[in-house]
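Remarks on the structure that follows.
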Amino acid sequence: MKSNSWGKFFGITTFGESHGKAMGVVLEDIKPGLVFPHQQLQSALARRKPGQNKFTSARQETDDYQILSGVFDGITTGMPICIIFPNRDARSQDYEDIKNLFRPGHADFSYFKKFKIFDYRGGGRASGRETICRVAAAEIVDYLLQNIKIQMYAVQIGKMKAAKKCIPPSNTLWWPDNNITAVENYLQQVQEKKNSVGGIVEAVIDNIPPGWGDPVFRKLDAALAEAILSLGAVKGIEFGDGFALAAQTGSQANDQMNEKGFLSNHCGGILGGISTGEQIKFRFVVKPTPSIARRQQTITKSGKSASISISGRHDVCVVPRLIPAAIAMVKLVLADAASYQKLVENKTQNLTDLRESIDKIDEDILIALTRRNHISQAIGKLKKQKEMPVKDIQREEKLLQNLQIKAKEWQLNSAAVEKIWKIILAESRKQQ
Ligand SMILES: Cc1cc2nc3c(=O)[nH]c(=O)nc-3n(C[C@H](O)[C@H](O)[C@H](O)COP(=O)(O)O)c2cc1C
């Protein structure tokens, strides 16, 4: 089952359950030689942490992490990076009373139907805690997104709609309007009524060059939609004017151009699956948190009618918890697109990139020389068996002649090639 892995140019695999020993992520194909971004990672984890306001789960995780592999002396080695986040504040007893019941709106029923078993403690794998792995992974590939600015904020929480947008929001609800107290009072009432609400999140991404993304099956909007919809509780996404495009005419919806650029951005910065260079804009809808203290109807694992009231620590609204994870998913998608774009443009950008390529080639030459030595040793043994001399002047002359012909064909300096191979041949004789 590959559903726990994601990525084309680098890969992430996440593992762990909400109340298991730990959550974890393995990242593959991360560039060697990068300074591991501890501080950046810790800031991102702090933004994602539960318990930042009284409307998010009161679970108090330290969110400390252990790096098991792929980082040596603080530097990435190019090997798989494995990071684990021990679960230190799981309260599995909260789930004891409901372990045989399916929580309406949660993944318990469908997981059980599929696997015939499910870890009822805190939603197991279908828990918001899983997003910690995505947030960590995104910070490690963030170096690919140097000038790119990703902003997200809530535009609706339950019935409350933001009229004004001041971004980035300076409150833990990610609310961009100045009526934050009204939203808090509203959430307080929802909580007192033992209920929950959902919301709508808006994302704006600036400084994406034109050309990122791919046609047909791997369109940038499709990749972003997949990434955002892979987060728990997200139920819909729209790009640019989105569903409102249905009521527009072509002349209203088209983004016309003049010599200075686009005159509008109804498409949300992506055409044909590829970025236009304009701001990328999308919105997504988050459903109300499934676990509520209000009594609801459900069934037991054996299919008998029952009722359920869920205590424990839950988000009244998932939106504020989800935004850092959604930013992480956007970072992962864009980092993947950036890696591919580098390849398409075949652009080796700076001295460091060029030196990296040279280092790789030098390594290949060393590997080839090692293989050559091994073969020379084998030849040496055969010559000994057949009592042949080590030096074979005719063979060496022929070999040098052939190399000279090839060197000329490939426009290499044939005198230099001869010099290099004379050293290699002398070394070969020593091996024999
Ligand atoms: C960051 C985050 C926090 C969440 N917090 C809760 C929670 O406290 N209680 C709950 O019942 N669901 C919570 N959810 C939602 C469930 O994980 C989600 O609804 C469930 O897995 C079912 O999946 P679906 O809604 O995508 O169908 C959270 C999701 C995320 C992404």
TODO: Would you check if there is a residue in the stretch 261-284 being open to solvent by 70 Å² or more (accessible area, probe 1.4 Å) and in a loop (DSSP other than H, G, I, E, B)?
DONE: yes
Open item on the list: Can you tell me which residue is surrounded by the fewest Cβ atoms within 10 Å (Cβ to Cβ) among those in the stretch 180-217 that are out of contact with any strand residue (DSSP E or B) (no Cβ under 8 Å at 6 or more places or on another chain) and either part of a loop (DSSP other than H, G, I, E, B) or not assigned by TED's automatic domain parsing to the domain that holds Arg283 (or both)?
Closed with: Lys193
TODO: Considering every residue within the stretch 348-360, establish whether at least one is open to solvent by less than 50 Å² (accessible area, probe 1.4 Å) and either among the small types (Gly, Ala, Ser) or more than 34 Å from the chain's Cα centre (by Cα) (or both).
DONE: no
- [ ] Tell me, yes or no, whether the stretch 325-341 has at least one residue that is of a type in the set (Ser, Thr, Tyr) and in a helix (DSSP H, G or I).
- [x] yes
TODO: Could you identify the single residue in Gln66, Gln146, Gln156 that is within 28 Å of Ile280 (Cβ to Cβ), touching a strand residue (DSSP E or B) at 6+ places or on another chain (Cβ under 9 Å) and open to solvent by 20 Å² or more (accessible area, probe 1.4 Å)?
DONE: Gln156
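Look at Ile358 and say whether it is within 14 Å of the ligand (Cβ to nearest atom), farther than 29 Å from Gly240 by Cα and among the aliphatic types (A, V, I, L, M).
Against the criterion (within 14 Å of the ligand (Cβ to nearest atom), farther than 29 Å from Gly240 by Cα and among the aliphatic types (A, V, I, L, M)), Ile358 does not qualify.
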- [ ] Could you list all residues from the stretch 285-307 that are surrounded by fewer than 20 Cβ atoms within 10 Å (Cβ to Cβ) and among the aliphatic types (A, V, I, L, M)?
- [x] Val285, Ala293, Ile299, Ala306
Task: Qualifying positions in the stretch 401-412 - open to solvent by 100 Å² or more (accessible area, probe 1.4 Å) and not in a helix (DSSP H, G or I) - done: Trp410, Gln411
- [ ] Please go through the stretch 218-260 and pick out each residue that is loosely packed, with under 12 Cβ neighbours inside 10 Å, in a loop (DSSP other than H, G, I, E, B) and either in contact (Cβ under 8 Å) with a residue 12 or more places away in the chain or within 16 Å of the ligand (Cβ to nearest atom) (or both).
- [x] none
Open item on the list: Let me spell it out: the conditions are (1) more than 9 Å from the ligand (Cβ to nearest atom); (2) more than 19 Å from Phe239 (Cβ to Cβ); (3) open to solvent by 50 Å² or more (accessible area, probe 1.4 Å), and Ala335 meets all of them except one. Which number is the exception?
Closed with: (3)
Open item on the list: I need the full set of residues from the stretch 384-411 which are in contact with a Lys or Arg (Cβ under 8 Å, 6 or more places away or on another chain) and closer than 20 Å to Ile365 by Cα, in order please.
Closed with: Leu400
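The values are calculated or read from the model by the stated rules, or taken from the named source; none is laboratory data. Bear in mind that the values here come from a model prediction, so they are computed numbers and not experimental data. So basically every Cβ, Gly included, is an ideal-geometry build from the backbone, and we count neighbours across all protein chains shown. Ligands, DNA and RNA are excluded from the accessible area calculation, which covers all protein heavy atoms including side chains. Shrake-Rupley method; radii C 1.70, N 1.55, O 1.52, S 1.80 Å.
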